[in-house]
Amino acid sequence: SLALDPDMRACRDEKLVTSFLFREVEKAMRSAYGDGMSLPLELQLEAARERLRQAASAHIGELKEGWEIVAAETAVKGMLDGVMITGRIDRVERNTRTGLMRILDYKTADSGVMPDKEHLGTFRDGMPEYMRTPGVGNGRDRAWSDLQLPLYAAFYERAEPGALPEIGYFNLPRSADEAGIRIWNGFDRVRMESALECARGVIADLRGRHFWPPRSRAPGGVDNPMAHLYIGSPETCFDGLALERLAGRAGGAA
């Protein structure tokens, strides 16, 4: 709501911004649950107020550094190897002093996250080559575990040609110390092109119905969100050859 209100997004009074955000979240909660909210909902509302208080403080700090919101909830899309990829950018900003653009995604995890750590993991043997991306400095090559922000940057630049925008997260965690904007320092065109190459590899695998072998842990060391569905390891729960034969028949029928 703040980003969509032209007066409030330029307001430099932290108390006014905080009050505005409090009114908006309470309005949304009352609309969804009515006036007689239960105690758990009231506690959720108070937790939301605390995060919004942090958001207001961080927002005012960025205004003082010359950053202004130019768009919010911006739809982006682009064709990649014949596939339409779509997304929605939470916040687009321009620095009034430098003209630099940046793309931000809101994060409300319990702790603050860094965009590079969220997108890059360790490259291991057996991973598809398209997942590989250069390490920082002389470090080992990394592996893509998320492509969200780099693809936002690529497709936004296609629509708005110019300098490559910065990308980052607007963190709103429980801890006030970890709140604020975290930019992906070092993100450049080489990294962006690597992300596009990875996306092309994923598209090719989907078209070729290459889904095997499974991994118990997703790239970047994140636990597989589907793991609770397995009785044992994925290899013992599914007949990979049978699935490949079934996929072949489905592909032939198509």
Margin query: Any residue at all in the range 60-75 that's of a type in the set (Lys, Arg) and either touching a residue at least 60 places away in the same chain (Cβ under 8 Å) or farther than 24 Å from TYR169 by Cα (or both)?
Written below: no
Next item on the list: Mind listing just one residue for me: the one in the range 1-23 that is at pLDDT below 90 and under 20 Å from LYS107 (Cβ atoms) and, of those, surrounded by the fewest Cβ atoms within 10 Å (Cβ to Cβ)?
Entry: LEU4
Notebook entry, point to check: What are the residue pairs meeting all of these: first residue in the range 166-186, first residue within 20 Å of LEU120 (Cβ to Cβ), second residue part of a helix (DSSP H, G or I) and open to solvent by less than 20 Å² (accessible area, probe 1.4 Å), Cβ atoms under 6 Å, and 6 or more apart or on different chains?
Noted result: ILE167/LEU149; ILE167/ALA153; GLY168/PRO115; TYR169/PRO115; TRP184/PRO115
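Residue-by-condition table, conditions (1) in a helix (DSSP H, G or I); (2) more than 23 Å from LEU16 (Cα to Cα); (3) open to solvent by 30 Å² or more (accessible area, probe 1.4 Å):
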site: LEU63; (1), (2), (3): yes, no, no
site: GLU73; (1), (2), (3): no, no, yes
site: ILE89; (1), (2), (3): no, yes, no
site: ARG94; (1), (2), (3): no, no, yes
site: ASP125; (1), (2), (3): no, yes, yes
site: TYR130; (1), (2), (3): yes, yes, yes
Margin query: Criterion first (without any contact (Cβ under 8 Å) to a residue 40 or more places away in the chain and in contact with a helix residue (DSSP H, G or I) (Cβ under 8 Å, 6 or more places away or on another chain)) does MET37 satisfy it?
Written below: yes
Check: Of the residues that sit in the range 96-123 and are open to solvent by 30 Å² or more (accessible area, probe 1.4 Å) and assigned to a strand (DSSP E or B), which one is farthest from LEU164 (Cα to Cα)?
Finding: THR122
Checklist line | Filtered residue count, the range 24-61, keeping only those that are open to solvent by less than 80 Å² (accessible area, probe 1.4 Å), out of contact with any Asp or Glu (no Cβ under 7 Å at 6 or more places or on another chain) and part of a helix (DSSP H, G or I) | finding: 20
Item checked: Residue check, ALA154 under 26 Å from ALA3 (Cβ atoms) and open to solvent by 50 Å² or more (accessible area, probe 1.4 Å) -> no
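The values are calculated or read from the model by the stated rules, or taken from the named source; none is laboratory data. Please read all numbers here as calculations on a predicted model, not as lab measurements. Note that we place each Cβ from the backbone using ideal geometry, even for glycine, and neighbour counts take in every protein chain shown. Ligands, DNA and RNA are stripped out before the accessible areas are found, and what is left, the full protein with its side chains, is counted by its heavy atoms. Shrake-Rupley method; radii C 1.70, N 1.55, O 1.52, S 1.80 Å.
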